[in-house]
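First comes the structure, then the notes that go with it.
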Amino acid sequence: MKLLILNGSPKCERSNTLNIAKAFAEGFPESTEVEILHLAKMHIKPCLGCFSCWGKTAGKCVIDDDMGIISEKILASDIIVESFPLYFFGMPSTLKAMTDRCLPFMKPYEGGFAGGFHEMRDGRMNIKKLVIISTCGYVEAAPMYEALRKQLDSICGKSHYTAIFCPQGELFVSDYGRRQREGYLRDIKRAGEEFADSFTISPETRSKIDKPILSPAGFEAITSAHWKQQKPHG
Ligand SMILES: Cc1cc2nc3c(=O)[nH]c(=O)nc-3n(C[C@H](O)[C@H](O)[C@H](O)COP(=O)(O)O)c2cc1C
């Protein structure tokens, strides 16, 4: 089995979210080939909107950059994990550029609306599993991820991806809450084990990983203590 982690955080290895993606991958059998691509280190130009990939160069983008490598790796993987921070209720710009550049994977639009997004050119794309892992800074996930969830539902189809949304992301670089954070990562590893086995996460594990790492009161106490410690410049 091949698992590809597309890290959309500009912080690359220092990404809060990557802690979760790595713990998820640790749940997979040792024989699993895991590869991490840090998108911020790659050259991904924005889509030109020329639609060549739907016409003259069918299935191929006219831009010559690292998207060719990324597309090949996507095609060669069984499980794609997109790992990224929430930026203004959506995905960060590099990952959005990469998403736009996935247009060559899709068949051209030929009118009508069947309630979903485009059919894929290559049948291999239909059997891949997509896992979305994201952290945000806010205390709880539900109000933060509403817009992203709608976008993902529209792009992938509601039942075609598995999402792990984790609020309180800055706890991954905090001296506080270590015990709770480690417990959370153990539950994520368990989610990875289950996913490797059945491509689903059990309701029991799901209820654990959907809970914020700290209670709202605990998180507030830590956050305000953090800002009180910061000295203003000048
Ligand atoms: C430009 C920018 C926009 C952000 N927008 C949001 C947001 O809309 N909601 C939120 O809860 N956190 C937001 N955050 C906080 C990040 O999502 C959070 O710090 C995350 O854990 C960073 O993950 P990373 O280390 O993997 O990049 C934003 C951070 C930045 C830098």
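The values are calculated or read from the model by the stated rules, or taken from the named source; none is laboratory data. What you are looking at is a predicted structure, and each value in this text was computed from that prediction instead of being measured. Here the Cβ is made from the backbone with ideal geometry for all residues, glycine too, and neighbour counts use every protein chain on show.
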List, please: which pairs have Cβ atoms under 8 Å, are six or more places apart or on different chains, and start with a residue in the stretch 1-27 that is closer than 18 Å to MET91 by Cβ and end with one that is more than 10 Å from the ligand (Cβ to nearest atom) and assigned to a loop (DSSP other than H, G, I, E, B)? LEU4/SER77; GLY8/MET91
What single numbered condition from (1) loosely packed, with under 15 Cβ neighbours inside 10 Å; (2) within 16 Å of the ligand (Cβ to nearest atom) fails to hold for ILE133? (1)
Filter result for the condition that a residue is more than 16 Å from the ligand (Cβ to nearest atom), assigned to a helix (DSSP H, G or I) and over 20 Å from LEU130 (Cα atoms), over CYS53, CYS61, CYS47: CYS53
Single condition ILE164 does not satisfy, out of (1) touching a strand residue (DSSP E or B) at 6+ places or on another chain (Cβ under 6 Å); (2) more than 21 Å from GLY27 (Cβ to Cβ); (3) of a type in the set (A, V, I, L, M): (2)
Being over 21 Å from ILE155 (Cα atoms) and either out of contact with any Pro (no Cβ under 9 Å at 6 or more places or on another chain) or not in a helix (DSSP H, G or I) (or both): is that true of PRO29 here? yes
I want to confirm something. Restricting to the stretch 64-79 and keeping residues that are closer than 14 Å to PRO104 by Cα and surrounded by 17 or more Cβ atoms within 10 Å (Cβ to Cβ), which single residue is nearest to the ligand (Cβ to nearest atom)? ILE70
Can you name every residue in the stretch 1-23 that is surrounded by fewer than 18 Cβ atoms within 10 Å (Cβ to Cβ) and either β-branched (Val, Ile, Thr) or more than 13 Å from the ligand (Cβ to nearest atom) (or both)? MET1, LYS2
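Name the one entry in GLU35, GLU26, GLU82 that is within 16 Å of the ligand (Cβ to nearest atom), touching a helix residue (DSSP H, G or I) at 6+ places or on another chain (Cβ under 8 Å) and among the charged types (D, E, K, R).
Details: GLU35 fails: within 16 Å of the ligand (Cβ to nearest atom); GLU26 fails: within 16 Å of the ligand (Cβ to nearest atom).
One residue alone meets the criteria, GLU82.
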I'm told ILE155 meets every condition in (1) more than 14 Å from the chain's Cα centre (by Cα); (2) surrounded by 13 or more Cβ atoms within 10 Å (Cβ to Cβ); (3) over 19 Å from LYS11 (Cα atoms) except one. Can you identify the failing condition by its number? (1)
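Kindly establish whether ILE36 is in a loop (DSSP other than H, G, I, E, B), at pLDDT 95 or above and under 25 Å from THR135 (Cβ atoms).
Numbers: in a loop (DSSP other than H, G, I, E, B): no; at pLDDT 95 or above: yes; under 25 Å from THR135 (Cβ atoms): yes.
Criteria not met by ILE36.
Would you call TYR184 crowded, with 16+ Cβ neighbours inside 10 Å, at pLDDT 95 or above and among the hydroxyl-bearing types (Ser, Thr, Tyr)? Please lay out each step first, then the result.
On the way: crowded, with 16+ Cβ neighbours inside 10 Å: yes; at pLDDT 95 or above: yes; among the hydroxyl-bearing types (Ser, Thr, Tyr): yes.
Spelling it out, TYR184 is indeed crowded, with 16+ Cβ neighbours inside 10 Å, at pLDDT 95 or above and among the hydroxyl-bearing types (Ser, Thr, Tyr).
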Output yes when any residue across the stretch 117-125 is modelled with pLDDT of 95 or more and either away from the ligand (no atom under 15 Å from the Cβ) or surrounded by 15 or more Cβ atoms within 10 Å (Cβ to Cβ) (or both), and no when none is. no
Just wondering, is there one or more residues in the stretch 97-115 that are crowded, with 17+ Cβ neighbours inside 10 Å, part of a helix (DSSP H, G or I), within 16 Å of the ligand (Cβ to nearest atom) and in contact (Cβ under 8 Å) with a residue 40 or more places away in the chain? yes
